[in-house]
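First up is the structure itself, then whatever we jot down about it.
The values are calculated or read from the model by the stated rules, or taken from the named source; none is laboratory data. This is a predicted model, so every value here is computed, not measured. In this analysis, Cβ positions are derived from the backbone assuming ideal geometry, glycine residues included, and neighbour counts consider all displayed protein chains.
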Amino acid sequence: MVVASRIKGIEFVRGCRLAVSVSPIDVDDSTPKDFYRRSHERTIVAMTGTSLDVEVVPRMVEEILGGRRVVDVKAAEEGTDDVFFVTVEMPSTSRECVLKACSFVDPPAFRVEPRVIDLVSRRTEIPVPDVFGYVDDHDDLPAPFFLMGRAPGEQISGPESLTDDALERTANDAGRHLGELHSAASFDGYGWFRAGVDVDGEPTVGDLAVADPAEDLPSALRRSVEDGFERIEETRFSDILGDLRAGLDTHLDAVPADPEPVLIHADYRFGNLLIDPETGAVRTVLDWGNPSTGHSEYDLVQTEQYLCGRLPLDADRRHLVRNALEAGYGETNDLSRDEGFDAVRHAYFFITQLWPLAWFDLWYGEDDEIAEQQRTLMQSLLP
């Protein structure tokens, strides 16, 4: 396939199989001073380094940007898939970009992220990186990969780095962003996304389709949680696995069968945010590589868990985050509260607390104090 696009009136053409250009680059005289960094909220990062030869990166960038010359390449220190910071020479300036290449997740899952970012950019005001183009498959280069702009803002370690006022602002921004996201599109069924090239049928929205959707939301959640239970069985928390399985059965009774399936981020945490550390304002929302469809309230609960640092349910800072999150959400969407609202939210707290147990070694290493904190919170959520 040959794809043509333009940069400030200068046409470039690239030829590759299954390559798609998302948007033209907007070149100006300002270069973002801050950085894009894909890392985890957790103290232990999943993978470091890169499996990709740095020498091939300029060719990958040129595949998307045509004749533009790459003048600098630096591998990111942290991340799961391969991430490189690249400087691209433009007619009147240089542009800081980020190349992300698939090395950890399966290619069909990787191909989703640039499409989701493009959808979010077109349908909402959520600040996301500019995606300049992506290559789904290639005969000579290690595809899939995509190129985006280096985004503004700073990354912080977690809520402990913010004042109460700044944390409140971050949570309020998060609520507004999730409200917009949940109203951006509706899908058929609950499940993970796949790109149009990876499904047999027609994509639903923005070259995205829900792969193997579950019949109802409780079924989708159970299917997801079963994978977590398998991991917990091999961890220090295996002694409470029986209680967790019984707790899931009880909590799923409170989950509605068929709320509107909306696009959820489900990973809105400090490791995926670039912010103003003084004010808490969110400058950029990163890492759209693991989106799915689901219930809007689940996304709110998951985000509360991340932004408060998984504090006890009665902690003042958790309530600060929750109130600001819901206030922000109300600015861009409707948060309905029927008689079952509290039970549903409690069920989602339980489910979202399973993940730090399942992935504890990867997220936290061997930290016994954090392990005890996560166990205590989990036990407080048992029915």
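For segment 195-211, indicate whether the set of residues that are under 23 Å from Tyr364 (Cβ atoms) and either surrounded by fewer than 22 Cβ atoms within 10 Å (Cβ to Cβ) or without any contact (Cβ under 8 Å) to a residue 60 or more places away in the chain (or both) is non-empty. The answer is no, given that none of the residues of segment 195-211 is under 23 Å from Tyr364 (Cβ atoms) and either surrounded by fewer than 22 Cβ atoms within 10 Å (Cβ to Cβ) or without any contact (Cβ under 8 Å) to a residue 60 or more places away in the chain (or both). Out of Pro127, Pro107, one residue alone is under 15 Å from the mean Cα position of the chain (by Cα) and surrounded by fewer than 23 Cβ atoms within 10 Å (Cβ to Cβ). It is Pro127. Please determine whether any residue of segment 213-227 is in contact (Cβ under 8 Å) with a residue 40 or more places away in the chain, in the same structural domain as Glu369 (by TED's automatic domain parsing), acidic (Asp, Glu) and not in a helix (DSSP H, G or I). The answer is yes; a qualifying residue exists. When the residues of segment 130-159 are filtered to those that are part of a strand (DSSP E or B) and of a type outside the set (A, V, I, L, M, F, W, C), the one that is surrounded by the fewest Cβ atoms within 10 Å (Cβ to Cβ) is Glu154. Among helices (runs of 4 or more DSSP H) entirely within segment 294-371, having at least 1 residues that are surrounded by fewer than 22 Cβ atoms within 10 Å (Cβ to Cβ), more than 21 Å from the chain's Cα centre (by Cα) and aliphatic (A, V, I, L, M) singles out 316-332, 341-358. When Glu78 is tested against the conditions (1) in contact with a helix residue (DSSP H, G or I) (Cβ under 8 Å, 6 or more places away or on another chain); (2) under 18 Å from Phe270 (Cα atoms); (3) of a type outside the set (Val, Ile, Thr), the lone failure is (1). Residue selection: Val98 fails the criterion of being buried (at least 21 other Cβ atoms within 10 Å of the Cβ), assigned to a strand (DSSP E or B) and either among the polar types (S, T, N, Q) or free of Cβ contacts under 8 Å to residues at least 40 places away in the same chain (or both). Applying the condition of being among the aliphatic types (A, V, I, L, M) and touching a helix residue (DSSP H, G or I) at 6+ places or on another chain (Cβ under 8 Å) to segment 144-163 and asking which residue is farthest from Asp82 (Cα to Cα) yields Leu162.
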